[in-house]
Each structure stands twice: as C-alpha cells, then as structure tokens.
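These notes concern the structure reproduced below.
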Amino acid sequence: MPQAQLPIFPEGTTEITREIAFQRKDGEVIYFNGHLPMFVHECGDLATFRFFSSQLVINGNATQIQIASAFGVPLITVKRYAKLYREGGPKAFFAPPKRRQGSKLTPAVLVQAQELLDTGAEESVVAKRLGVLVNTLNKAIHAGRLQKRVLKKRPC
C-alpha cells in the first residue's frame with residue numbers, strides 16, 4: 001500500500017502548494033517537493049524562474065494564483081508566461097528578444113541619406129530633406145548602417 005508523504009518542508013521555506021515550497025538561500029532559489037529539492041536557479045535568473053513557474057502551472061502542480069501569491073508577482077504576468085510556455089515551449093524563455101525593423105529608414109531612404117551625407121550635408125539637413133528625425137539618422141550612423149563623411153580641414 002502506498003504511503004502518503006507528509007508535507008514537511010525544511011525550515012525557512014515558503015509554501016506554494018501543500019506539496020511544493022521554495023527557499024531563497026545563498027543567492028539561489030531552491031524548490032522543494034516535501035523535503036526533497038526538485039529544482040534550483042540563481043535569484044537573479046528571471047528567465048529560468050519564469051520557465052519553471054510556468055512549468056508548474058502547465059503540469060498542474062500549482063495554479064496561477066498560487067504562483068502569483070507565493071512570489072508576489074502580478075497574476076497577469078503569470079498568465080502571460082504560462083501562455084508563452086504553451087505556445088513556444090521551454091526554448092521560448094531563453095530565445096533572444098525579437099528586434100523590430102525601422103519603418104522610416106527603408107533601403108531606398110538609406111541610399112538617399114548616404115548620398116546626401118557623402119556630399120557633406122549635416123545630419124539635420126539630411127533629416128529634414130528625407131522627413132525623418134535627426135535622432136533616427138544618428139542611430140543609423142552609430143549602428144554602422146550609414147557612414148558620416150569626415151571633412152578634412154584646410155590649413156590657413
């Protein structure tokens with residue numbers, strides 16, 4: 001006959017459910033099932049925390065409300081990452097963030113901007129002529145998508 005495990009947790013733990021608890025110790029978060037450790041991650045490792053807490057929800061080990069109240073995070077955040085886990089799996093938590101492409105500096109506009117910059121025009125003049133912000137041009141220059149022509153000074 002199977003024997004039920006008593007919900008006995010080590011000292012200093014915080015309960016998530018009757019069977020699962022966590023403890024912050026020495027810069028790590030340790031998750032326990034009863035008195036047995038089941039997962040560990042660093043305190044500052046947000047991606048792993050989101051992954052594991054979402055896994056607890058998806059597997060039915062804890063509810064979204066239990067995770068939100070145990071860790072003091074907004075319920076909508078727990079729901080958002082549970083959805084991310086359902087749709088993208090574990091790898092979704094560790095993928096680099098998607099970068100947006102600029103809509104103002106299209107390839108055609110970049111060519112025009114580079115031609116104007118090559119003639120020695122100032123960024124403010126180029127920006128006004130192309131209908132973009134000076135800041136947008138400066139970002140493109142710093143990112144290496146545009147090259148600013150450096151004029152040599154003539155000796156007196």
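A single entry from Ala68, Ala140, Ala62 fulfils the requirement of being over 21 Å from Phe22 (Cβ atoms) and surrounded by 11 or more Cβ atoms within 10 Å (Cβ to Cβ): Ala140. Can you find even one residue in the range 39-50 that is loosely packed, with under 12 Cβ neighbours inside 10 Å, among the hydrophobic types (A, V, I, L, M, F, W, C) and at pLDDT below 95? So far as the range 39-50 goes, no, none of its residues is loosely packed, with under 12 Cβ neighbours inside 10 Å, among the hydrophobic types (A, V, I, L, M, F, W, C) and at pLDDT below 95.
In this entry, Phe32 is excluded by the filter for residues that are part of a strand (DSSP E or B), in contact (Cβ under 8 Å) with a residue 40 or more places away in the chain and either of a type in the set (Val, Ile, Thr) or buried (at least 17 other Cβ atoms within 10 Å of the Cβ) (or both). Among the residues of the range 71-101, those that are touching a helix residue (DSSP H, G or I) at 6+ places or on another chain (Cβ under 9 Å), loosely packed, with under 15 Cβ neighbours inside 10 Å and not in a helix (DSSP H, G or I) comprise Pro74, Phe94, Ala95. Here Lys104 clears all of (1) without any contact (Cβ under 8 Å) to a residue 40 or more places away in the chain; (2) within 23 Å of Asn33 (Cα to Cα); (3) surrounded by fewer than 15 Cβ atoms within 10 Å (Cβ to Cβ) except the condition numbered (2).
Candidates Ser54, Ser69: the one that is within 21 Å of Thr13 (Cβ to Cβ), of a type in the set (Ser, Thr, Tyr) and touching a residue at least 24 places away in the same chain (Cβ under 8 Å) is Ser54. Just need a number here: residues in the range 35-51 that are free of Cβ contacts under 8 Å to residues at least 24 places away in the same chain and of a type outside the set (A, V, I, L, M, F, W, C). Within the range 35-51, residues that are free of Cβ contacts under 8 Å to residues at least 24 places away in the same chain and of a type outside the set (A, V, I, L, M, F, W, C) number 5.
The values are calculated or read from the model by the stated rules, or taken from the named source; none is laboratory data. Everything quoted here is computed from the prediction, not taken from an experiment. A quick note on method: Cβ atoms are made from the backbone with ideal geometry, for glycine too, and the neighbour counts reach across all protein chains shown.
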